[in-house]
Amino acid sequence: MNYSHLKILLKDSGFSPEQLGNRIGMSGMTLRRWSELPAGDHVPELYKSAFHEVVYELLAEGVLPKDSEIVDVVLKEAEGSSFNAAIKNLGFTDDFMKSAKPDSESVVRGLSQIGAQKSKQESVDRSGKRILSYAKLGEDWKYRVKTLYSVIRSKELTRLDKLAAYGALFYLLTPFDLIPDHIPVFGLLDDFFILGLVAVYYVKRFPQLFKPKS
């Protein structure tokens, strides 16, 4: 990733250097200085993964368009393929990849790994309006989305209890065509199915949260 890509990221996201710096964990002044450096020079390797992570999150939040040049750059740089990029940026561990099976337990476990990342949780928290917009797709969508959204907003559950819900909602926000079909368990499952499976998991595990109020 070079300094011309930084300019593209600023332009396509509409962020100021200060806003982007806050997401990456560096000063806006540094980003302003970098944006004036020769376009072909590379961003320090130390910050490369941080830029990759924020691009993926902004994409999931709908801040970056899927056809942004910076998205292609990140997918190509992340070990050379969209498969590896998806694995790396979603947060699946090597152990999960080796042991994952096409069952509900593996899905919940994998989504919990995604939801365990603070940056992913923050992306979901920032995207409430976009998440709830999926409820307009029909009653089944409404039930699944609102069930999981109520989980992450619940004051009765711990942050640990909410990990699978955070993971499922972040997965929902992730453009489906960036998740290759050959990723174990998840590639062949659509958002609707995953939301339903995780909603059932929570209703069964925490039935008291979903009882009609008298």
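Here is a yes/no grid of residues against (1) open to solvent by less than 10 Å² (accessible area, probe 1.4 Å); (2) at pLDDT 85 or above; (3) charged (D, E, K, R); (4) under 23 Å from ILE131 (Cα atoms):
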{"site": "SER16", "(1), (2), (3), (4)": "no, yes, no, no"}
{"site": "GLY21", "(1), (2), (3), (4)": "yes, yes, no, no"}
{"site": "TYR47", "(1), (2), (3), (4)": "no, yes, no, no"}
{"site": "VAL73", "(1), (2), (3), (4)": "no, no, no, no"}
{"site": "ALA85", "(1), (2), (3), (4)": "yes, no, no, no"}
{"site": "THR93", "(1), (2), (3), (4)": "no, no, no, no"}
Test: SER4 is closer than 28 Å to VAL124 by Cβ and either at pLDDT 90 or above or open to solvent by 30 Å² or more (accessible area, probe 1.4 Å) (or both): no
Which condition does GLU61 not pass, out of (1) among the acidic types (Asp, Glu); (2) modelled with pLDDT under 90; (3) surrounded by fewer than 15 Cβ atoms within 10 Å (Cβ to Cβ), if it passes all the others? (3)
Do you know which residues across region 178-214 are modelled with pLDDT of 90 or more and small (Gly, Ala, Ser)? ALA199
What residue, among those in region 23-43 that are under 24 Å from the mean Cα position of the chain (by Cα) and open to solvent by 50 Å² or more (accessible area, probe 1.4 Å), is farthest from LYS66 (Cα to Cα)? SER27
With region 95-177 as the region, which helices (runs of 4 or more DSSP H) entirely inside it contain at least 3 residues that are modelled with pLDDT of 85 or more and either over 27 Å from ARG23 (Cα atoms) or open to solvent by 60 Å² or more (accessible area, probe 1.4 Å) (or both)? 118-126, 128-133, 139-153
Selection from region 107-139 of residues that are β-branched (Val, Ile, Thr) and more than 15 Å from ARG153 (Cβ to Cβ): VAL107, VAL108, ILE114
Can you name every residue in region 37-73 that is in a helix (DSSP H, G or I), in contact (Cβ under 8 Å) with a residue 24 or more places away in the chain and not hydrophobic (A, V, I, L, M, F, W, C)? LYS48, HIS52, GLU53, TYR56, GLU57, GLU69
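The values are calculated or read from the model by the stated rules, or taken from the named source; none is laboratory data. Every value quoted in this text rests on a predicted model; they were computed, and no experiment measured them. Methodologically, a virtual Cβ is constructed for each residue, glycine included, from the backbone with ideal geometry; neighbour enumeration extends over all protein chains shown. Accessible surface areas use protein heavy atoms only, side chains included; no ligands, DNA or RNA. Shrake-Rupley method; radii C 1.70, N 1.55, O 1.52, S 1.80 Å.
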